[in-house]
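Asks: Dropping a structure here in structure tokens format, bear with me for questions.
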Amino acid sequence: MAGNEKLPQLNGRNMVCGGGFETWLQYVDGFELRHFCAFELIDDKRGVACLTDYHRKLVEAAVENDFGVINEGLHYRASRDWGELIGFSREGLEEINIRGIEFYKAFAREYDSPETPMLVGGVIGPRGDAYKIGRTPDAAEAEDYHSEQILTFKKAGADLVTALTFSSVEEATGLVRAAKAADMPVVISFFVAKGGKLNGGETLEEAIARIDVATDNAPEYYMINCTHPTEFEPGLTDGDWSRRLGGFMPNAVAMETLDLCKLGHLEDGDPDELGGQMARLAKRFPHINVWGGCCGTDGRHIGQIAKQVGEVRKRLAAERMRFTN
């Protein structure tokens, strides 16, 4: 692990993040997202207003509970193949990626404080579909492909790169190598199927070990996103490997992600219950400092997660104080 001093989550600071808000944009705000591409809403006046409202509620829920925020998520499909599908040239894609980073910088400037540090992240999704097993790029192809977006994030002044819903160890390895070559801190977040394994059949422990060996432990940490705690917890086996986990971004409900995208309405579950599930994981994994939400979540869920995780962390700190005294 690189141990980047500019990332407060590596130094004990609790942070939140959000992703999967495409479902919210579709089912609550009524947007038709072409190929699930939310980034082009930066060119839409109402789109910007809805994105601002969603993210402001998330950030304020975090700040209310003294959590920092990794402001990110908009760029999930703002890479070459997806951009070309909806008519973006490489130059146009670079320009809108940079504007998306500027969108998040505005939140960082507004809410940043010593108690609630604000980072700006560039999110990258898989080259193909994250949820269907098909052809995935090998490490060399992935390094070449994802380097374009990573270099744009660096140019725009992003603090880190987060790869969300990755299921292919090879593709994740290539992306990490591209980030390492660009001298950008990188986080890999896995999508795991029921039972806690990747689509390729690897356990989380196996996937992390393979990427670490292939990249000389380059990722700052690993995460899990776009699945519910009841679905991914079986993959959280005991062992030293779990020290490489740094965050969780659960869906609001336990349901196949493809089914969630076809419902025609938002399934937002019970924010209080989700907060309790994250609090139990906070007690089990006291080293983990990044707490977010994915499909179906919004500021309500983030508020409950931050509140209940924060309470666990305060109790653990008090216990340590009593023990040392």
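Asks: Can you list residue pairs whose Cβ atoms sit under 8 Å apart, with the first residue in the range 135-151 being open to solvent by less than 60 Å² (accessible area, probe 1.4 Å) and the second being assigned to a helix (DSSP H, G or I) and among the hydroxyl-bearing types (Ser, Thr, Tyr)? Count only pairs 6 or more apart in sequence or on different chains.
Replies: Pro137/Tyr145; Ala139/Thr173; Ala142/Thr173
Asks: With Thr215, Thr227, Thr165 as the choices, which residue is closer than 22 Å to Phe103 by Cβ and open to solvent by less than 40 Å² (accessible area, probe 1.4 Å)?
Replies: Details: Thr215 fails: closer than 22 Å to Phe103 by Cβ; Thr227 fails: closer than 22 Å to Phe103 by Cβ.
Answer to the check: Thr165.
Asks: Which number in (1) out of contact with any His (no Cβ under 9 Å at 6 or more places or on another chain); (2) more than 28 Å from Ala62 (Cα to Cα); (3) open to solvent by less than 10 Å² (accessible area, probe 1.4 Å); (4) of a type outside the set (Ser, Thr, Tyr) marks the one condition that Val120 misses?
Replies: Of (1) out of contact with any His (no Cβ under 9 Å at 6 or more places or on another chain); (2) more than 28 Å from Ala62 (Cα to Cα); (3) open to solvent by less than 10 Å² (accessible area, probe 1.4 Å); (4) of a type outside the set (Ser, Thr, Tyr), only one is false for Val120: (2).
Asks: Looking at Glu311, Glu273, which is the one that is surrounded by fewer than 16 Cβ atoms within 10 Å (Cβ to Cβ), farther than 17 Å from Asp66 by Cα and out of contact with any Gly (no Cβ under 8 Å at 6 or more places or on another chain)?
Replies: Glu273
Asks: Pairs, please: C-beta under 8 Å, at least 6 apart or cross-chain, first residue within 17 Å of Leu164 (Cα to Cα) and of a type outside the set (A, V, I, L, M, F, W, C) and in the range 78-89, second assigned to a loop (DSSP other than H, G, I, E, B) and open to solvent by 40 Å² or more (accessible area, probe 1.4 Å)?
Replies: Ser79/Arg127; Asp81/Arg127
Asks: Just one of Ala214, Ala254, Ala218, Ala179 is without any contact (Cβ under 8 Å) to a residue 60 or more places away in the chain and more than 30 Å from Gly30 (Cβ to Cβ); which is it? Can you show your working first?
Replies: Working: Ala214 fails: without any contact (Cβ under 8 Å) to a residue 60 or more places away in the chain; Ala254 fails: more than 30 Å from Gly30 (Cβ to Cβ); Ala218 fails: without any contact (Cβ under 8 Å) to a residue 60 or more places away in the chain.
Exactly one residue qualifies, and that residue is Ala179.
Asks: Counting just the residues of the range 217-229 that are touching a helix residue (DSSP H, G or I) at 6+ places or on another chain (Cβ under 8 Å) and not in a strand (DSSP E or B), which one comes out nearest to Leu164 (Cα to Cα)?
Replies: This residue is Cys226.
Asks: State whether the residues of the range 168-187 include one that is in a strand (DSSP E or B), within 24 Å of Gln149 (Cβ to Cβ) and not charged (D, E, K, R).
Replies: The first filter runs over the range 168-187 and keeps only residues in a strand (DSSP E or B), leaving 186-187.
The next check asks that each one be within 24 Å of Gln149 (Cβ to Cβ); those that pass are 186-187.
After this cut, where a residue has to be not charged (D, E, K, R) as well, the list is 186-187.
Looking for residues that are in a strand (DSSP E or B), within 24 Å of Gln149 (Cβ to Cβ) and not charged (D, E, K, R), one finds at least one in the range 168-187, hence yes.
Asks: May I pose another question? Select from the range 77-122 the residues that are in contact with a Cys (Cβ under 8 Å, 6 or more places away or on another chain), more than 20 Å from Ser189 (Cβ to Cβ) and assigned to a loop (DSSP other than H, G, I, E, B) and list them in ascending order.
Replies: Within the range 77-122, just Ile86 meets the criteria.
Asks: May I ask you to verify whether Leu151 is within 19 Å of Ile208 (Cβ to Cβ) and part of a helix (DSSP H, G or I)?
Replies: Values: within 19 Å of Ile208 (Cβ to Cβ): no; part of a helix (DSSP H, G or I): yes.
No; evaluated as a whole, the condition is false for this residue.
Asks: Do you know which residues across the range 53-76 are open to solvent by 40 Å² or more (accessible area, probe 1.4 Å) and either touching a residue at least 40 places away in the same chain (Cβ under 8 Å) or of a type in the set (A, V, I, L, M) (or both)? Steps first, please.
Replies: Of all residues in the range 53-76, those open to solvent by 40 Å² or more (accessible area, probe 1.4 Å) come to 53, 56-57, 60, 63-66.
Arg56, Lys57, Glu60, Val63, Glu64, Asn65, Asp66, listed by residue number.
The values are calculated or read from the model by the stated rules, or taken from the named source; none is laboratory data. Fair warning: this is a prediction, and the values are worked out from it, not measured in the lab. Heads up, the Cβs are rebuilt from the backbone with ideal geometry, glycines too, and the neighbour counts pull from every protein chain shown. Remember, those area values only see protein heavy atoms, side chains included, never the ligands or the DNA or RNA. Shrake-Rupley method; radii C 1.70, N 1.55, O 1.52, S 1.80 Å.
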